[in-house]
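First the structure, in the form of structure tokens, and then the observations on it.
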Amino acid sequence: MKETDTKKTEKEDQRQNLLPVDELRQMIALFNPCTDDYLFVLDFQEDTYYISPYATERFSLPEYYFHDVVNNLLAVTYEKDRGALTEDLEDLLASKDRETHNLIYRWLNTEGQPVWINCRGRVVRRDGEVVYMVGCINEIGRKQKADNVSGLLGESSLQMFLQSYADEIPDGYILRLGLDNFKSINTKLGIEYGDMVLRRMGDIIEQCVHDGQHLYRIVADEFMIIDFNGGTASDASELYRSIRRSLDQFVEENHYEAFVTVSGGILLCRDVQDFSWSQIMKFSEFALTEAKQLGKNREYIFSQNDYDAFLKRRMLTQSLRQSVANNMEGFEVYYQPIFHSNTGKLSGAEALMRYHTADGMVMPGEFIPILEETGLIIPAGRWILYEALRFAKRMEETIPDFRVNVNVSYVQVMKSDVVEDIMEALRVCDMKPKDLVIELTESGLIESDVYFTRLWKQLKENGVRLALDDFGTGYSNFHYLNDLRPDIIKIDRSFTMRAMANEYEYNLLSLLSGMVRNLELKVCVEGVETEEERDKIALLPPDFSQGFFYGRPCAQDVFEEKFIRNAAVQW
Ligand code: C2E
Ligand code: CA
Ligand code: CA
């Protein structure tokens, strides 16, 4: 272009309000700290691209100012969206009158992950030829910074706030609040009512927080208060309680129409080693969940020990799930001998579950509750039933009336056809019902009364024996003895121990065994550990004895070796 021509176009541009590209670039640089969106100018004539400099912290751009626009833009575009971008740009250049570019597609962030963006640009032409495009890119997936229901700042504002502390751990606490049963308010009273509750909750919290504390609303019904001014655990508790009191007042003023309570998870900054966003969210969420699990409408202070135990339990749960799916891999049955008290002869064994992981053996006290919670006890319970019956079948070759005891959980009673399973297993293993003893504990029984009595009746009708396990712990409802008439009462070790230490308890135990005998039920004393205990118990005397003194639970080959072939029991 000749110099006179340049002058001419500059004048023409001014007349048409066409700003020079370098002025636009300066403006974008000025706006850089003022917006979360990314402004850009694409100069088609010089083949340059200028974007808000902070875009390079987010996207894998070569620089905020670069040449070779198309290739560089394609490089930052998610592979699957490159076609769409090329097509749109080609169309733009070919067209004589298109004024806008508006495309939703994905750019790669600095970690190479696709991020949805909406790129909107205004095309500026000179004599029909494109000169440049100015525009704005925003991340459409980005979370809202403020929340219009509660009028509070939202999660991404919180994230930005916390990120400014990434290098130094502040002194203070984080209190995460969650409304209890908020979903049911929404379903029972409607979303609008729910929104009103959330707004009020926001107001209440805002009134309770002190100067210098920060409040955010995170997910639907959760709020977070940040105190980085040296607040202590008791300050956090006090704050939580003042919020709870205000909320109670709100419920009262609303005549209990919506009964809302709030739980609080407290995280002390000094308990967080790695002060990253994800860690803080994880820990605070755990603290809130614990507060809810401990009964709701209460607070809980994060402890690393509890968190480690929770992770361990979660790993164990996953491992158990896999093992059950994998043909009960890692599970084993241990057998503990049960003896006739009068003759000292072996009567049978109780089947007890064991679980092996890479770290060693896990005891039932740890994994049975998980199996129950997850329902895995149903397949696991079925498995041990077959194992135990096959074992008993083999033992019968030496001891003709060998009996095997199998524990059945209340979950199996309530949620599976346990009677059918038992009868089928007896048929398949070719065992007589009278040689199987099903052990049920009292504690589970209360909760599932109807199911329980039905099961009890059906098993009795089929000739399977029943034992009431852990007698003497918990409720010890004597009426069960009369109503249900179990074949055997198993006296729990804790009762046996108390009876050893205390005359009153000993008399109670002795009275009980007399009463049970009158009802023609049999008594098995569990947990006999020493010779002294054995001697004292012999005075009762029970019908059956079980305990470490006579034999610990062991693998089936050990059991055969010790109690069948050698019968090496000191009586
Ligand atoms: P439980 O049914 O009361 O089983 C007896 C428990 O007492 C066993 O613990 C046994 O090892 C222990 N024990 C026996 N003699 C003594 C003794 O002299 N001293 C002491 N201190 N303990 C003794 P284990 O094997 O750890 O089982 C714990 C519980 O786990 C069982 O208590 C039972 O409730 C449950 N469990 C075990 N296997 C199964 C199963 O297959 N199904 C179900 N539903 N529960 C099971
Ligand atoms: Ca038992
Ligand atoms: Ca027991």
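The values are calculated or read from the model by the stated rules, or taken from the named source; none is laboratory data. Small disclaimer: the values here were computed from a predicted structure and weren't measured. Cβ sites come from the backbone with ideal geometry, for glycine too, and all protein chains shown count toward neighbours. SASA here: full protein model, heavy atoms, side chains in, ligands and nucleic acids out. Shrake-Rupley method; radii C 1.70, N 1.55, O 1.52, S 1.80 Å.
Taking all protein chains into account, the per residue accessible area for the stretch 131-171 stands at 53 Å² (1.4 Å probe). Compared with the rule-of-thumb size 2.2 N^0.38 Å for a compact globular protein, the chain has a Cα radius of gyration ratio of 1.49.
Measuring nothing but protein heavy atoms, the accessible surface of the stretch 508-571 at 1.4 Å probe radius is 50 percent carbon and sulfur. Net charge of the neighbourhood of residue 502, taken over other residues with C-beta under 14 Å away and scored Lys/Arg +1, Asp/Glu -1, is -1. In this structure the amide hydrogen of residue 105, modeled in the peptide plane, comes within under 5 Å of the amide hydrogens of 117, 119, none closer than 5 places in sequence on its chain. Residue 259 sits with roughly 140 Å² accessible to a 1.4 Å probe, with DNA, RNA and ligands left out of the calculation.
Placing a pseudo-label 7 Å from each Cα along the Cα-to-Cβ vector at residue 398 and residue 68 gives an inter-label distance of 8.2 nm.
The long axis of helix 377-395 is offset from the longest Cα principal axis of the chain by roughly 30 degrees.
Loop only per DSSP, at most 13 neighbouring Cβ atoms within 10 Å: give me the trypsin sites (Lys or Arg not before Pro) in the stretch 298-357, ordered by residue number. Present the calculation step by step, with values, prior to reporting the outcome.
Values: sites: 298, 312, 313, 314, 321, 345, 354; in loops: 298, 345.
Passing sites in the stretch 298-357 are 345.
In order along the stretch 490-498, phi translates into HN-Hα couplings of 9, 7, 5, 4, 5, 5, 4, 4, 4 Hz, rounded to whole numbers, per the Karplus curve 6.51 cos²θ - 1.76 cosθ + 1.60 with θ = phi - 60° and x for Gly and Pro.
Applying 0.36 nm per residue to the separation of residue 511 and residue 317 and subtracting their alpha-carbon distance, the gain on full extension is 65.5 nm. Which one of 258, 501, 316 has its Cα pushed farthest toward the positive end of the charge dipole of the chain, where Lys and Arg give +1 and Asp and Glu give -1 at the Cβ? Farthest towards the positive end: 501.
Report the extension gain between residue 32 and residue 374 in nm, rounded to one decimal, defined as 0.36 nm multiplied by the number of residues separating them, less their alpha carbon distance. Provide the component values of the computation, followed by the final result.
Numbers: separation 342, 0.36 × 342 = 123.12 nm, distance 5.24 nm.
Result for the pair: 117.9 nm of gain on full extension.
Each part gets one Cα centre, and for the stretch 298-374 versus the stretch 135-171 those centres are 44 Å apart.
Can you work out the accessible area per residue across the stretch 34-99, with the rest of the protein chains kept in place, probe 1.4 Å, in square angstrom? Don't skip to the answer; put the middle values down first.
Working: 3550 Å² over 66 residues.
Here the residues of the stretch 34-99 average 54 Å² of exposed surface.
The string of couplings for the stretch 113-120 from the Karplus curve (6.51, -1.76, 1.60, θ = phi - 60°) is 8, x, 10, 6, 10, 10, 9, 10 Hz, one whole number per residue in order, with x for Gly and Pro. Which is farthest toward the positive dipole end of the chain among 408, 540, 297, measuring Cα position about the Cα centre, with Cβ charges +1 (Lys, Arg) and -1 (Asp, Glu)? Farthest towards the positive end: 540. Once the chain from residue 211 to residue 142 is taken as fully extended at 0.36 nm per residue, the excess over their C-alpha distance is 21.9 nm.
Taking a point 7 Å out from the Cα of residue 552 in the direction of its Cβ, the residues of the stretch 324-339 whose backbone N falls within less than 18 Å of it are 332-338.
Given 64, 38, 185, which one lies farthest toward the positive end of the charge dipole of the chain, if we put +1 on the Cβ of every Lys and Arg and -1 on the Cβ of every Asp and Glu? Of 64, 38, 185, it is 185.
May I ask you to list the trypsin sites (Lys or Arg not before Pro) in the stretch 61-164 that are in a DSSP loop and have at most 10 other Cβ atoms within 10 Å of their Cβ? Don't skip to the answer; put the middle values down first.
Numbers: sites: 80, 82, 96, 98, 106, 120, 122, 125, 126, 142, 143, 145; in loops: 96, 98, 142, 143, 145.
Hits after loop and neighbour filter: 96.
Does anyone have the angle between helix 191-208 and the longest principal axis of the chain? Alpha-carbon axes, 0 to 90°, nearest 10? The angle comes out near 90 degrees. Each residue of the stretch 89-103 is assigned a 3J(HN,Hα), and the resulting list reads 5, 4, 4, 4, 6, 6, 6, 9, 10, 5, 10, 10, 10, 9, 9 Hz, derived from the Karplus form 6.51 cos²θ - 1.76 cosθ + 1.60 (θ = phi - 60°), x at Gly and Pro.
For residue 232, the amide hydrogen comes within under 5 Å of no other amide hydrogen, counting only partners 5 or more places away or on other chains and with H modelled in the peptide plane.
I need the calculated FRET efficiency for the pair residue 199 and residue 561, taking r as the beta carbon distance and R₀ as 60 Å, to the nearest 0.05. Please list the in-between numbers first.
Numbers: r = 72 Å, r/R0 = 1.20.
Rounded to the nearest 0.05, the efficiency is 0.25.
Checking the Cα-Cα distances for 145/312; 312/490; 432/457; 415/457 against a 28 Å cut-off, the pairs over it are 145/312; 312/490.
Placing unit charges on the Cβ atoms only, positive for Lys and Arg and negative for Asp and Glu, gives the chain a dipole magnitude near 1480 debye about its Cα centre.
Using protein chains only and a probe of 1.4 angstrom, how many square angstrom of residue 310 are accessible, to the nearest 10? Roll a 1.4 Å probe over it and residue 310 shows about 80 Å².
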